[in-house]
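The values are calculated or read from the model by the stated rules, or taken from the named source; none is laboratory data. What you are looking at is a predicted structure, and each value in this text was computed from that prediction instead of being measured. Cβ placement follows ideal geometry from the backbone for every residue including glycine, while neighbour counts extend to all protein chains displayed.
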Amino acid sequence: MFFKINLNPMALPMHLRPKFAAIVNATKEAHRNGDLFRTEKVGATFRGFQQRMLSRFYAGEMLMEHKSLRGYKYILKFDATDVRITSPFSYDPFERAQMLKSIYSYHTTTVEPATTIINPILFIWLENMKFTGKLIKPFVNKDSSSFVCNGRAYSRSVELFKLSSFKTSIYKSMFETADQAGAFLLSETFDKSLTDGQFLGIAIPFVASSSPEAVTELSDFPIQYPVDMDESYI
């Protein structure tokens, strides 16, 4: 079953509506005629409202509560825009995830514009919660007083999630803290809002604090990534 995902301004949750004017100012130049109800302009140099809402959806509702995923243990997510599957899989990714006891599997990482809005929140997390340094190291840099996000993110190309690991109080609390701050929709400059891949990069080290080996790679997946958006699927 397929459920429509509402990404227009009417879907903005109540706790973010006081920030709506700032969100409009941050995203309107990416939309035709500055209208957030219209799709982003082709060739926009930064992500518009819908793309930011999609990041918020991927990191939040999709993993924690979306009704289309109820009853499932794992999901395998592809970026349908930038990925083409080039051959049959050589193994069953769900069986492999069960065998390795994976909670999250990824294909690659990427570098995106770094945002500072999440850094004060990250500082509090690092001070008060357990995490694994091995997993967080690629996603942060050390400055004179603290760690800051460096823009590296898990790629959307192919991801496998064990849903129960993202329905925990730890993950829910981390998402809600970032969301309340407007991190997925706002930042210090118009082009640097938090992406779902960046959020996962700093959240998973806490979710997997006792089992870093549960974060595994899908580097041998038979995909082409990235591809031209106009390239045929066949």
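Determine if the range 128-135 includes at least one residue that is outside any loop (DSSP other than H, G, I, E, B), surrounded by 18 or more Cβ atoms within 10 Å (Cβ to Cβ), in contact with a Phe, Trp or Tyr (Cβ under 6 Å, 6 or more places away or on another chain) and not acidic (Asp, Glu).
no
When only residues in the range 173-222 that are of a type in the set (Ser, Thr, Tyr) and either out of contact with any helix residue (DSSP H, G or I) (no Cβ under 7 Å at 6 or more places or on another chain) or modelled with pLDDT under 95 (or both) count, which is nearest to Arg47 (Cα to Cα)?
Ser193
Are any residues in the range 83-125 in contact with a Phe, Trp or Tyr (Cβ under 7 Å, 6 or more places away or on another chain), within 28 Å of Arg52 (Cα to Cα) and either at pLDDT 95 or above or part of a loop (DSSP other than H, G, I, E, B) (or both), and if so, which ones?
Val83, Tyr104, Tyr106, His107, Thr109, Leu122, Trp125
What's the number of the only condition in (1) outside any loop (DSSP other than H, G, I, E, B); (2) under 22 Å from Thr109 (Cβ atoms); (3) out of contact with any Lys or Arg (no Cβ under 6 Å at 6 or more places or on another chain) that Glu176 fails to meet?
(2)
Considering only the range 141-161, state which residues are in contact with a helix residue (DSSP H, G or I) (Cβ under 8 Å, 6 or more places away or on another chain), touching a residue at least 40 places away in the same chain (Cβ under 8 Å) and farther than 13 Å from Leu200 by Cβ.
The one that is in contact with a helix residue (DSSP H, G or I) (Cβ under 8 Å, 6 or more places away or on another chain), touching a residue at least 40 places away in the same chain (Cβ under 8 Å) and farther than 13 Å from Leu200 by Cβ: Gly151.
Could you give me the residue pairs with C-beta distances under 9 Å whose first residue belongs to the range 24-47 and is in contact (Cβ under 8 Å) with a residue 60 or more places away in the chain and within 19 Å of Ser193 (Cβ to Cβ), whose second residue is surrounded by 15 or more Cβ atoms within 10 Å (Cβ to Cβ) and of a type in the set (Val, Ile, Thr) wherever it lies, and which are 6+ apart or on separate chains?
Final answer for the pair search is Phe46/Thr27; Arg47/Thr27; Arg47/Thr195.
Take the range 185-210 and flag every residue that is assigned to a loop (DSSP other than H, G, I, E, B) and either within 14 Å of Pro113 (Cβ to Cβ) or in contact with a strand residue (DSSP E or B) (Cβ under 6 Å, 6 or more places away or on another chain) (or both).
Taking the range 185-210 and keeping what is assigned to a loop (DSSP other than H, G, I, E, B), we get 185-195, 208-210.
Residues satisfying the conditions are Leu186, Ser187, Glu188, Thr189, Phe190, Asp191, Lys192, Ser193, Leu194, Thr195, Ala208.
Could you tell me which residue of the range 145-170 is modelled with the lowest pLDDT, considering only residues that are closer than 15 Å to Ile121 by Cβ and touching a Phe, Trp or Tyr at 6+ places or on another chain (Cβ under 8 Å)?
Step one: list which residues in the range 145-170 are closer than 15 Å to Ile121 by Cβ, which gives 146-149, 170.
Those still in the list that are touching a Phe, Trp or Tyr at 6+ places or on another chain (Cβ under 8 Å) too: 146-147, 149, 170.
Working: Ser146: 84, Phe147: 90, Cys149: 95, Ile170: 97.
It comes out as Ser146.
Return the residue satisfying two criteria in turn: it lies in the range 45-63 and is assigned to a helix (DSSP H, G or I) and charged (D, E, K, R), and of such residues it is farthest from Glu29 (Cα to Cα).
Of the range 45-63, the ones assigned to a helix (DSSP H, G or I) are 49-59, 61-63.
From what is left, the residues that are charged (D, E, K, R) are 52, 56, 61.
Values: Arg52: 14, Arg56: 20, Glu61: 27 Å.
Of everything passing the filter in the range 45-63, Glu61 is farthest from Glu29 (Cα to Cα).
Scan the range 25-76 for residues that are of a type in the set (A, V, I, L, M, F, W, C) and in contact with a strand residue (DSSP E or B) (Cβ under 9 Å, 6 or more places away or on another chain) and jot them down.
Of the residues in the range 25-76, the ones of a type in the set (A, V, I, L, M, F, W, C) are 26, 30, 36-37, 42, 44, 46, 49, 53-54, 57, 59, 62-64, 69, 75-76.
Hits for the range 25-76 are Ala30, Phe37, Ala44, Phe49, Met62, Leu63, Leu69, Ile75, Leu76.
For the range 17-38, how many residues meet the condition of being of a type outside the set (A, V, I, L, M, F, W, C), in a loop (DSSP other than H, G, I, E, B) and in contact with a helix residue (DSSP H, G or I) (Cβ under 7 Å, 6 or more places away or on another chain)?
First, the residues of the range 17-38 that are of a type outside the set (A, V, I, L, M, F, W, C): 17-19, 25, 27-29, 31-35, 38.
When the remaining residues are screened for being in a loop (DSSP other than H, G, I, E, B), the result is 35, 38.
Okay, now just the ones that are also in contact with a helix residue (DSSP H, G or I) (Cβ under 7 Å, 6 or more places away or on another chain), so 38.
Residues in the range 17-38 being of a type outside the set (A, V, I, L, M, F, W, C), in a loop (DSSP other than H, G, I, E, B) and in contact with a helix residue (DSSP H, G or I) (Cβ under 7 Å, 6 or more places away or on another chain): 1 in total.
May I ask you to verify whether Glu213 is of a type outside the set (Gly, Ala, Ser), surrounded by fewer than 15 Cβ atoms within 10 Å (Cβ to Cβ) and not in a helix (DSSP H, G or I)? Lay out the reasoning, then the answer.
Details: of a type outside the set (Gly, Ala, Ser): yes; surrounded by fewer than 15 Cβ atoms within 10 Å (Cβ to Cβ): yes; not in a helix (DSSP H, G or I): no.
Considered against the rule, which asks whether it is of a type outside the set (Gly, Ala, Ser), surrounded by fewer than 15 Cβ atoms within 10 Å (Cβ to Cβ) and not in a helix (DSSP H, G or I), Glu213 comes out as no.
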